[in-house]
Amino acid sequence: MTKNQLSPELFRVCDANLNRLKEGIRVVEDIMRYRDNNKTLSKKLKELRHKARIQETTELLTNRDSINDVLRPSTKSEQTRTDIKSIILANFKRAQESSRVLEELFKLNNIAYSENFKYIRYELYTLEKEIILNESE
């Protein structure tokens, strides 16, 4: 494997985490957009979601194997939410964790991608604080 190439297994990890990252952001984005009518936060989240991409779409799809994912079934904690705040918090955490995985993996072959996912992660930390603290009021 050369410096510019990820293994099929790592492309699979990237694919899963890109999807998880965008899905997590989208849940919070839609709550801010439709429940709160908050254009500013919705726009920030949408911009981050659109930054969560790489050029190697074919490699991602070629190595996707969602049917055989060993952790495909939901866990009890994934099925339990107590209120909208818990949904927002769970999706921020999901997105932050996924952006960290992508940041780390792309240190192997694409520092620009790595830095992009680091940027997304820190922006998510800031938005999480703003949104969650306002949920408490």
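The values are calculated or read from the model by the stated rules, or taken from the named source; none is laboratory data. Since the model is a prediction, treat every value here as computed from it, not as a measurement. No Cβ is skipped: glycine too gets one built from the backbone with ideal geometry, and neighbour counts run over all protein chains shown. These accessible areas exclude ligands, DNA and RNA; they are computed on the full protein's heavy atoms, side chains included. Shrake-Rupley method; radii C 1.70, N 1.55, O 1.52, S 1.80 Å.
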Flag for residue 40 being of a type outside the set (Gly, Ala, Ser), open to solvent by 70 Å² or more (accessible area, probe 1.4 Å) and modelled with pLDDT under 95: no
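Identify the residue in the range 6-15 that is under 16 Å from the mean Cα position of the chain (by Cα) and without any contact (Cβ under 8 Å) to a residue 60 or more places away in the chain and, among all such residues, is most open to solvent (accessible area, probe 1.4 Å).
Only one residue tops the list, namely 12.
Residue 31: surrounded by 15 or more Cβ atoms within 10 Å (Cβ to Cβ), modelled with pLDDT of 70 or more and not charged (D, E, K, R), yes or no? Please lay out each step first, then the result.
Details: surrounded by 15 or more Cβ atoms within 10 Å (Cβ to Cβ): yes; modelled with pLDDT of 70 or more: yes; not charged (D, E, K, R): yes.
So residue 31 passes the test.
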State whether the residues of the range 93-100 include one that is out of contact with any Leu (no Cβ under 6 Å at 6 or more places or on another chain), within 20 Å of residue 16 (Cα to Cα), at pLDDT 95 or above and open to solvent by less than 90 Å² (accessible area, probe 1.4 Å). yes
Here the qualifying pairs (Cβ atoms under 7 Å; residues six or more apart or on different chains; first in the range 115-137 and of a type in the set (D, E, K, R); second open to solvent by less than 30 Å² (accessible area, probe 1.4 Å) and at pLDDT 95 or above) come out as 118/103; 121/96; 121/99; 121/103; 123/48; 128/92; 135/88
Going residue by residue through the range 1-16, is there one that turns out to be closer than 23 Å to residue 110 by Cα and at pLDDT 95 or above? no
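For the range 43-57, which residues satisfy the criterion of being part of a helix (DSSP H, G or I) and of a type outside the set (A, V, I, L, M, F, W, C)? Walk me through how you get there before you give the answer.
Narrowing the range 43-57 to residues part of a helix (DSSP H, G or I): 43-51, 57.
Those that are part of a helix (DSSP H, G or I) and of a type outside the set (A, V, I, L, M, F, W, C): 43, 44, 46, 47, 49, 50, 51, 57.
Take the residues in the range 43-65 that are open to solvent by 70 Å² or more (accessible area, probe 1.4 Å) and at pLDDT below 95; name whichever of them is nearest to residue 119 (Cα to Cα).
Within the range 43-65, the subset open to solvent by 70 Å² or more (accessible area, probe 1.4 Å) is 43-44, 46-47, 50-51, 53, 55, 57-59, 61-62, 64.
Okay, now just the ones that are also at pLDDT below 95, so 53, 55, 57-59, 61-62, 64.
Values: 53: 13, 55: 18, 57: 21, 58: 25, 59: 24, 61: 25, 62: 27, 64: 25 Å.
Across the range 43-65, the extreme among qualifying residues is 53.
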